[in-house]
1. Report yes if some residue within the stretch 53-67 is more than 28 Å from Phe129 (Cα to Cα) and surrounded by fewer than 14 Cβ atoms within 10 Å (Cβ to Cβ); otherwise report no.
2. Taking the stretch 64-84 as the region of interest, how many residues are in a loop (DSSP other than H, G, I, E, B) and in contact with a Leu (Cβ under 9 Å, 6 or more places away or on another chain)?
3. Restricted to the stretch 89-121, and to residues that are among the aliphatic types (A, V, I, L, M) and more than 20 Å from Leu15 (Cβ to Cβ), which residue is surrounded by the fewest Cβ atoms within 10 Å (Cβ to Cβ)?
4. Could you please tell me which pairs satisfy a Cβ distance under 8 Å, a separation of 6+ or placement on different chains, a first residue in the stretch 45-57 that is farther than 23 Å from Phe18 by Cβ and touching a residue at least 12 places away in the same chain (Cβ under 8 Å), and a second residue that is of a type in the set (A, V, I, L, M, F, W, C) and assigned to a helix (DSSP H, G or I)?
5. Going by the structure shown, is Phe61 touching a residue at least 40 places away in the same chain (Cβ under 8 Å) and touching a Leu at 6+ places or on another chain (Cβ under 6 Å)?
6. Residue pairs, Cβ under 7 Å, 6 or more apart or interchain, first in the stretch 75-102 and at pLDDT 95 or above, second buried (at least 17 other Cβ atoms within 10 Å of the Cβ) and polar (S, T, N, Q). List them.
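The values are calculated or read from the model by the stated rules, or taken from the named source; none is laboratory data. The model shown is predicted, which means the values in this text are computed figures rather than measured ones. Here the Cβ is made from the backbone with ideal geometry for all residues, glycine too, and neighbour counts use every protein chain on show.
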Amino acid sequence: MSQELVFAPMGAMALLTFIVLGFIPATRFRAVFAGKVTPDDFKLGESARVPGDVAVTNRNFMNLLELPMLFYVAGLMYYVAGRVDLTALALAWTYVGLRAVHSAIHLSYNKVIHRLFAYALSNFVLLAFWVLFFV
């Protein structure tokens with residue numbers, strides 16, 4: 001199997017991260033122009049005045065820079081070790097899909113139990129991705 005195939009889900013994960021990054025200035029500018037906040041509310045991160053619908057995009061972006069780092073590392077480990085197979089690819093794509101679902105929920109209707117389910121399931125898949133590498 002072509003070892004480079006592991007880069008496709010890794011690239012998809014990076015694309016999701018950049019898409020969410022693009023939402024941050026859009027929501028912030030919209031809030032500033034609507035008079036909900038001032039630019040100074042973002043001077044040191046986000047002040048308490050920043051509404052939830054604006055802060056959530058930044059929070060989701062931060063989520064995409066936390067545990068997914070372990071996904072990128074594991075993907076590179078699979079590639080370097082020549083261990084990419086159908087099971088590893090299935091886990092990688094499942095992880096990316098669940099993270100996309102998590103982001104979609106987080107950035108839309110944001111029902112916590114739905115978001116938690118997608119997030120928790122993605123973490124179990126990530127754990128399986130790691131365990132599979134070492135067994």
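1. There is at least one residue in the stretch 53-67 that is more than 28 Å from Phe129 (Cα to Cα) and surrounded by fewer than 14 Cβ atoms within 10 Å (Cβ to Cβ).
2. Going residue by residue through the stretch 64-84, those that are in a loop (DSSP other than H, G, I, E, B) are 64-67, 82-84.
From the residues that got through so far, the ones that are in contact with a Leu (Cβ under 9 Å, 6 or more places away or on another chain) too are 64, 67, 83-84.
Count: 4.
3. The initial filter retains those residues of the stretch 89-121 that are among the aliphatic types (A, V, I, L, M), namely 89-92, 96, 98, 100-101, 104-105, 107, 112-113, 116, 118, 120-121.
Those still in the list that are more than 20 Å from Leu15 (Cβ to Cβ) too: 112-113, 116, 120-121.
On the way: Val112: 10, Ile113: 7, Leu116: 12, Ala120: 12, Leu121: 15.
So the residue we want is Ile113.
4. Pairs that qualify, where the first residue is farther than 23 Å from Phe18 by Cβ and touching a residue at least 12 places away in the same chain (Cβ under 8 Å) and the partner is of a type in the set (A, V, I, L, M, F, W, C) and assigned to a helix (DSSP H, G or I), are Pro51/Ala31.
5. On the way: touching a residue at least 40 places away in the same chain (Cβ under 8 Å): yes; touching a Leu at 6+ places or on another chain (Cβ under 6 Å): yes.
In short, yes.
6. Sorted first by the residue in the stretch 75-102, then by its partner, the pairs are Tyr95/Ser122; Leu98/Ser122; Arg99/Ser122; His102/Ser122.
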